[in-house]
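Student: Provided herewith is a single structure, encoded as C-alpha cells, for subsequent inquiry.
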Amino acid sequence: MPTTQTLGKAIQEARRACDKTLRDLAKEIGCAPSFISDIENGKRNPSEDVLRNIAKAVGCSYEELKGHDTRVDASFKELVRQEPEVAVLMRKIQVNPKLAKSFLDHLKTTENLGK
C-alpha cells in the first residue's frame, strides 16, 4: 500500500522510536547532525549507502525506508523519455492502484506463455 509519509519523516520516526538524537544517529553513521536534520526535513536526500546505514542504525530494513523514497532514478527517467507511454501507465496506476496488480498479473501470464 502506498504511503503518504515522506522518507525524511519515516527516518525521523524510526530514529525517535529507538530513542536516538540527531547527534547520536549522525555519530553512528559518520556524518554531521545537520545532514540528518536536512534529510528529515526534506531538504537533502541520502545516498543509497547512507540510507542503508541509517536503516541499520535505527533498526529497520532498508526496504522499509526505501519504500518512502519518491525520487525517480535516472534509468527510469530515460525509459520514460524513450517510451512516454510508461509515464501514462504510471499515472493511471497512481490514480487507481488496483491497476498495478492487474498489470503485474498480465505480465506474469504473458511471461508464462513464452515458456
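Coordinate-derived values only; no laboratory data. Since the structure is predicted, the reported quantities are computational estimates derived from the model, not experimental observations. Methodologically, a virtual Cβ is constructed for each residue, glycine included, from the backbone with ideal geometry; neighbour enumeration extends over all protein chains shown.
Student: Provide the per-residue ³J(HN,Hα) series for the stretch 73-90, in order, calculated from phi with Karplus coefficients 6.51, -1.76, 1.60 and θ = phi - 60°, each as a whole number of Hz, with x at glycine and proline positions.
Tutor: Those phi angles translate into 7, 4, 5, 5, 4, 5, 4, 5, 5, 7, 10, x, 4, 4, 5, 4, 4, 5 Hz.
Student: In the chain, how many lysine pairs have Cα atoms under 24 Å apart, counting only pairs 8 or more places apart or on different chains?
Tutor: 26
Student: Express in nm, to one decimal, how much length is gained between Asp19 and Asp38 on full extension, taking 0.36 nm for each residue of separation and deducting their alpha carbon distance.
Tutor: 4.9 nm
Student: Under 1.5 on a/c is rounded, so check that first for the stretch 74-113, then, if it is not, pick prolate when a/b is larger than b/c and oblate when it is not; a ≥ b ≥ c are the square roots of the alpha carbon gyration tensor eigenvalues.
Tutor: It comes out oblate by the Cα gyration axes.
Student: For the chain, just say rounded, prolate or oblate: build the C-alpha gyration tensor, square-root its eigenvalues into a ≥ b ≥ c, call rounded for a/c under 1.5, and beyond that prolate if a/b exceeds b/c, oblate if not.
Tutor: Judged from the Cα gyration tensor, the chain comes out prolate (a/c at least 1.5, a/b above b/c).
Student: Something else about it: Dipole magnitude of the stretch 74-113 about its Cα centre, charges +1 at Lys/Arg Cβ and -1 at Asp/Glu Cβ only, in debye to the nearest 20?
Tutor: Magnitude of the dipole: close to 220 debye.
Student: Classify the stretch 7-66 from the C-alpha gyration tensor, please: rounded if a/c falls under 1.5, else prolate or oblate depending on whether a/b exceeds b/c.
Tutor: Rounded shape, in that the Cα axes give a/c under 1.5.
Student: Fewest to most neighbouring Cβ within 10 Å: what's the order for Glu85, Glu40?
Tutor: Values: Glu85 8, Glu40 21.
Exposure proxy ranking, most exposed first: Glu85, Glu40.
Student: List, in order, the whole-Hz ³J(HN,Hα) value for each residue of the stretch 31-46 obtained from phi through the Karplus relation with A = 6.51, B = -1.76, C = 1.60 and θ = phi - 60°; use x for Gly and Pro.
Tutor: 9, 7, x, 5, 5, 4, 4, 4, 5, 4, 9, x, 8, 9, 10, x
Student: Follow-up question, since we're still on this one. Mind checking the dipole of the chain: about its Cα centre, +1 per Lys or Arg Cβ, -1 per Asp or Glu Cβ, Debye to the nearest 20?
Tutor: Values: 20 positive and 17 negative charges, 43 e Å.
Taking the Cα centre of the chain as origin, the dipole is about 200 debye.
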